[in-house]
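Enquirer: Below are the structure tokens for one structure; questions will follow.
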Amino acid sequence: MRFDTIIIGGGMAGLCAGLRLAEAGQKTLIMASGQSALHFSSGSVDLLDCQGDPFAALPAFLATHPRHPYQKVGLTHIAASLADLQRHCAEQGLPLFHESHNHLRLTPIGTLKPTWLSPSSSACLGEAPAPATMLLATLAGFRDFQPALAAANLAQHPRLAQSRILTGEINLPQLATFNRNPHEFRSADIARLFDKQGQEGQALLSALAEEIRRLLRESDAPDCRHLVLPACLSLGLVGPRLAELEQLTQCTLREVATMPPSLIGMRMQDALRRRFQALGGTFLISERVLGATLDGNRVTGVYSQNGADQLFEADDFVLASGSFFSRGLVSRLGGISEPIFDADVLSLAERDDWAGRHLFDHHPFMGFGVKTDEQLRVLRGGKALTNLYGAGSVLAHYDPVAEGSGSGVAVATGWQAASHILTKAAARDSMTGAPSTPSLAREA
Ligand SMILES: Cc1cc2nc3c(=O)[nH]c(=O)nc-3n(C[C@H](O)[C@H](O)[C@H](O)COP(=O)(O)OP(=O)(O)OC[C@H]3O[C@@H](n4cnc5c(N)ncnc54)[C@H](O)[C@@H]3O)c2cc1C
């Protein structure tokens, strides 16, 4: 099977690369062994943890982090990659918002985390004043969002010093089915009930609206009009359902990502995959790439668990296989390695130096990853593989947790890897006289 570009990894980085390439008219394949970090993520895109405008803070940050992946993308292209992500998500009915500064996203334990882009349905504090009263509600028996804990933490935040934070529990007899096995009482299980077509799903939504009205009537603040619910109302796009519920309750309703699985992240994964396929891309799931064939410093093909004789060939490849979490990097007694290409990996020789002593210390292993050149080409034996580009959390020299840059790096480097591939393809086309791809014609 032959493609223009093959991307290994179907998370945020692989999808952002794939969207740019497929939109430019390339025959693009994404091979993903399984779920990505998006299934566990808030669905918000962290660019850089700072109080103000992250784009204003980035130059000073990069001056002190000269080998950071953002350095290889540049501010203009970082902005362009995020704008593209917003556009693709909007196309799939998943609007993302940002303001001139980072906004604060509510976490399930009631902390507020600075982030750049969030789905419009997410509970966030932005530039507008915090509501005077808000109600954090959950479904009775649901364990992955505890309003009392969240409210206690939220009340400590200066932005909410003047706000009253109420908590409440919604009782829906329709959910009694989960009493038999509380392990099945997860956000995805509940969402499936709301997603049922016809009368059953509609009756559940009406019952939820009635319960919200009861909670408000019986609360200390019946005039409260701001509600936060755990994200469990739909596996798919939740916008229309939230709008209907807002109409039935006359309240503003926002969702908080629950403990994993996180439906907000899963919706984003799904929206981006749908968009990629709508643009003509091929997405193969359960396809673990095990190895590659090389001709000198050029990758000629990759093969999966189906055998080395079934080679997937392409002009270019993107390695977007994630970090330790997704097994894009592997840690063994002998050290850290990248399992597909045996790429050069930044690590430390002494295992004792990999982690700090305490949980909130600096942990060097967070910055471990695959080394690349200035064009994001993966290094092997000290030399760049000429047609293999690295993107996302497989890369070295950044710490997504300490910097608050997780998805930002994935989006920007995925987009930038695709840009390099398109530039190279355009040069090839001009030499052979082949017509240039639509998006490159636009850029020219
Ligand atoms: C639990 C968790 C929560 C997070 N929450 C946030 C958040 O809220 N906001 C934020 O900005 N960042 C968050 N992050 C940071 C996250 O790393 C980035 O947001 C980003 O999603 C990383 O994307 P990625 O595509 O590089 O890697 P991943 O999402 O890890 O995707 C890697 C992909 O590669 C595939 N893969 C791996 N090996 C192979 C192979 N051999 N063959 C084929 N496919 C393979 C995997 O199946 C997966 O599809 C979170 C990270 C984690 C771990």
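Enquirer: Could you pull the accessible area for S163 with a 1.4 Å probe, rounded to 10 Å²?
Expert: Only protein atoms counted, so the area is about 20 Å².
Enquirer: Ordered by packing density, taken as the mean number of other Cβ atoms within 10 Å over each peptide's residues, highest first, how do 18-27, 165-174 rank?
Expert: Listed from highest to lowest mean packing, they are 18-27, 165-174.
Enquirer: Right, next: Where does helix 406-432 land angle-wise versus the long Cα axis of the chain, in degrees 0 to 90, nearest 10?
Expert: It is inclined by approximately 40 degrees.
Enquirer: Another question, then. Using the Karplus curve 6.51 cos²θ - 1.76 cosθ + 1.60 with θ = phi - 60°, what ³J(HN,Hα) values do you get for each residue of the stretch 24-33, in whole Hz, with x for Gly and Pro?
Expert: Running phi through 6.51 cos²θ - 1.76 cosθ + 1.60 with θ = phi - 60° gives 7, x, 6, 7, 10, 10, 10, 10, 10, 6 Hz.
Enquirer: Angle check, please: helix 263-278 long axis (alpha carbons) against the longest principal axis of the chain (alpha carbons), in degrees 0 to 90, nearest 10.
Expert: 50
Enquirer: Check which residues have an amide H placed less than 5 Å from L166's amide H, if you skip close sequence neighbours.
Expert: Counting only residues 5 or more places away or on other chains, the set is M134, L135, L136.
Enquirer: Using the heavy atoms of the protein chains and a 1.4 angstrom probe, tell me the accessible area per residue for the chain in square angstrom.
Expert: Per-residue accessible area for the chain comes out at 44 Å².
Enquirer: Here's another thing I want to ask about it. Which whole-angstrom value gives the distance between the alpha carbon centres of the stretch 21-60 and the stretch 224-238?
Expert: So the separation of the two Cα centres works out to 24 Å.
Enquirer: In nanometres, what is the gap between the two model label sites at L346 and A60, each 7 Å from Cα along Cα-to-Cβ?
Expert: The answer from the label model is 2.2 nm.
Enquirer: Of all DSSP beta bridges in the chain, what percent run antiparallel (nearest 5)?
Expert: Given both bridge residues lie in the chain, the antiparallel proportion sits at roughly 45 percent.
Enquirer: Using the basic label-point model (7 angstrom from Cα toward the beta carbon), what is the H77 to T252 distance in nanometres?
Expert: Computed distance between label sites H77 and T252 equals 3.8 nm.
Enquirer: Sticking with this structure for a sec: Gaussian network model of the chain, Cα springs within a sub-10 Å range: biggest mean-square fluctuation belongs to which of A13, A426, A161?
Expert: Among A13, A426, A161, the largest GNM mean-square fluctuation belongs to A161.
Enquirer: Select from A231, H98, L149 the residue farthest towards the positive end of the dipole of the chain; place +1 on Cβ of Lys and Arg, -1 on Cβ of Asp and Glu, and compute about the Cα centre.
Expert: The residue sitting farthest along the positive end of the dipole is A231.
Enquirer: Which net charge results for the neighbourhood of L216, defined as the other residues with beta-carbon distances under 14 angstrom from its beta-carbon, given Lys and Arg at +1 and Asp and Glu at -1?
Expert: Around L216, the surrounding residues sum to -2.
Enquirer: Measure off 7 Å from each Cα along the Cα-to-Cβ vector at L359 and E313, then give the distance between these two points in nanometres to one decimal.
Expert: It is 5.3 nm.
Enquirer: Could you work out the mean projected area of the convex hull around the alpha carbons of the stretch 123-256, in square nanometres to one decimal?
Expert: So the Cα hull casts an average projection of 8.1 nm².
Enquirer: Here's something else I'd like to know. Could you calculate the FRET efficiency of A132 with L284 from 1/(1 + (r/R0)^6), where r is the beta carbon distance between them and R0 is 51 Å, rounded to 0.05?
Expert: So the FRET efficiency works out to roughly 0.50.
Enquirer: Could you rank H420, H65, H358, H103 by how accessible they are, 1.4 Å probe, largest area first? Numbers along the way, then the final one.
Expert: Values: H420 40, H65 65, H358 120, H103 0 Å².
Result of the area sort, largest leading: H358, H65, H420, H103.
Enquirer: What is the extension gain from T293 to F97, computed as 0.36 nm multiplied by their sequence separation minus the C-alpha to C-alpha distance, in nm to one decimal? Mind showing how you got there, number by number?
Expert: Values: separation 196, 0.36 × 196 = 70.56 nm, distance 4.25 nm.
Net length gain for the segment: 66.3 nm.
Enquirer: Same structure, new question: Only Cα pairs under 8 Å and at least 6 apart count here; give the relative contact order of the chain as a rounded whole percent.
Expert: Computed over the chain, the figure is 25 percent.
Enquirer: Using a probe of 1.4 angstrom, how much of the accessible area of the chain is carbon and sulfur, in percent?
Expert: On the way: 10380 of 19530 Å².
About 53 percent, which is the carbon plus sulfur part of the accessible surface.
Enquirer: Using helices alone, what [θ] at 222 nm do you get for the chain, with -39,500 (n - 2.57) per DSSP H run of 4 or more residues, divided over all residues and rounded to the nearest 500?
Expert: -10000 deg cm²/dmol
Enquirer: While we're here: Sum up the charges of everything whose Cβ sits under 14 Å from the Cβ of I109, counting Lys and Arg as +1 and Asp and Glu as -1, but leave I109 out. Walk me through the numbers on the way to the answer.
Expert: Values: positive: R105, K113, R143; negative: D144.
My count for the surroundings of I109 gives +2.
The values are calculated or read from the model by the stated rules, or taken from the named source; none is laboratory data. All of these numbers come straight from a predicted model, not from anything done at the bench. Note: ideal-geometry Cβ built from the backbone for every residue, glycine included; neighbour counts use all protein chains shown. Protein only, heavy atoms only, side chains kept; ligands, DNA and RNA dropped before computing areas. Shrake-Rupley method; radii C 1.70, N 1.55, O 1.52, S 1.80 Å.
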